[in-house]
1. Test residue 112 against the stated conditions and say whether it is closer than 24 Å to residue 65 by Cα, modelled with pLDDT of 90 or more, surrounded by 13 or more Cβ atoms within 10 Å (Cβ to Cβ) and among the hydrophobic types (A, V, I, L, M, F, W, C).
2. When you scan the stretch 1-18, how many residues do you find that are more than 20 Å from residue 148 (Cβ to Cβ) and in a loop (DSSP other than H, G, I, E, B)?
3. Name the residues in the stretch 111-151 that are assigned to a strand (DSSP E or B) and of a type in the set (Lys, Arg), would you?
4. Residue 68: farther than 22 Å from residue 109 by Cβ, hydroxyl-bearing (Ser, Thr, Tyr) and either surrounded by fewer than 16 Cβ atoms within 10 Å (Cβ to Cβ) or at pLDDT 90 or above (or both), yes or no?
5. How do the pairs read when you match residues in the stretch 32-47 that are closer than 21 Å to residue 18 by Cα with residues anywhere that are of a type in the set (A, V, I, L, M, F, W, C) and part of a loop (DSSP other than H, G, I, E, B), using Cβ under 7 Å and keeping only pairs 6 or more apart or on different chains?
6. Could you check how many residues of the stretch 65-84 are out of contact with any Phe, Trp or Tyr (no Cβ under 6 Å at 6 or more places or on another chain), of a type in the set (Ser, Thr, Tyr) and part of a helix (DSSP H, G or I)?
7. Can you report the number of residues in the stretch 12-44 which are β-branched (Val, Ile, Thr) and farther than 23 Å from residue 55 by Cβ?
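The values are calculated or read from the model by the stated rules, or taken from the named source; none is laboratory data. None of the values given here were measured: they were computed from a predicted structure. Every residue, glycine as well, gets a Cβ built from its backbone with ideal geometry; the counts of neighbours run over all protein chains shown.
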Amino acid sequence: MIKIIEVRVRKYKFNENTHRIEMKKFIKKEIEGCKKFFVSKSYSFNYGIYAFSKNQISIDIEKKRVLSNTHQQALINFSLNDKDMVLMQRGISLIHIWTIKESYSKFYNKGLNMDFKKINISWLKDDLFNVKHPDFDQIKAKILTTTDTIISISSNEECLIKFETLKGVI
């Protein structure tokens, strides 16, 4: 039987000129009431996001954008393996793959200290993926794609996601 866990996600769009420090202060204040939950947060450009659940989760957000050739090459060199190239041939973008790998490494509190080339992603269905590094357990990643962002949520189980988009007011 598949266990489904509930994850609440709140995404904020801040003004273009809002400094990252101010965004972090705002999100920190927002999550103060989530002490009984697992909480994960992420930032990309003028977007801030956090997720909370009774189960361990992690989240990553990336603003949709065209990557420069230099940025693309850096991500490829740092993170892609042969299996990822197959995913890209099937229509999964480089930013989607990066977002999945980053939320996976956050799940294990490794951040960018994990070898992203060793993280293997297999597409299960629609927006759901299995993710595995040889030194860590396999977990699930779910992708949410909005008009302006790509979001990955990693957890031990499939997630039922309750999503809210809010305007960050600072």
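1. Spelling it out, it is not the case that residue 112 is closer than 24 Å to residue 65 by Cα, modelled with pLDDT of 90 or more, surrounded by 13 or more Cβ atoms within 10 Å (Cβ to Cβ) and among the hydrophobic types (A, V, I, L, M, F, W, C).
2. 3
3. 125, 132, 140, 142
4. Against the criterion (farther than 22 Å from residue 109 by Cβ, hydroxyl-bearing (Ser, Thr, Tyr) and either surrounded by fewer than 16 Cβ atoms within 10 Å (Cβ to Cβ) or at pLDDT 90 or above (or both)), residue 68 qualifies.
5. So the pair list comes out as 46/14.
6. 1
7. Result for the stretch 12-44: 2.
Residues checked against (1) surrounded by 14 or more Cβ atoms within 10 Å (Cβ to Cβ); (2) under 13 Å from the mean Cα position of the chain (by Cα); (3) assigned to a helix (DSSP H, G or I):
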position	(1), (2), (3)
28	no, no, yes
36	no, no, no
62	yes, yes, no
86	no, no, yes
92	yes, no, no
97	yes, yes, yes
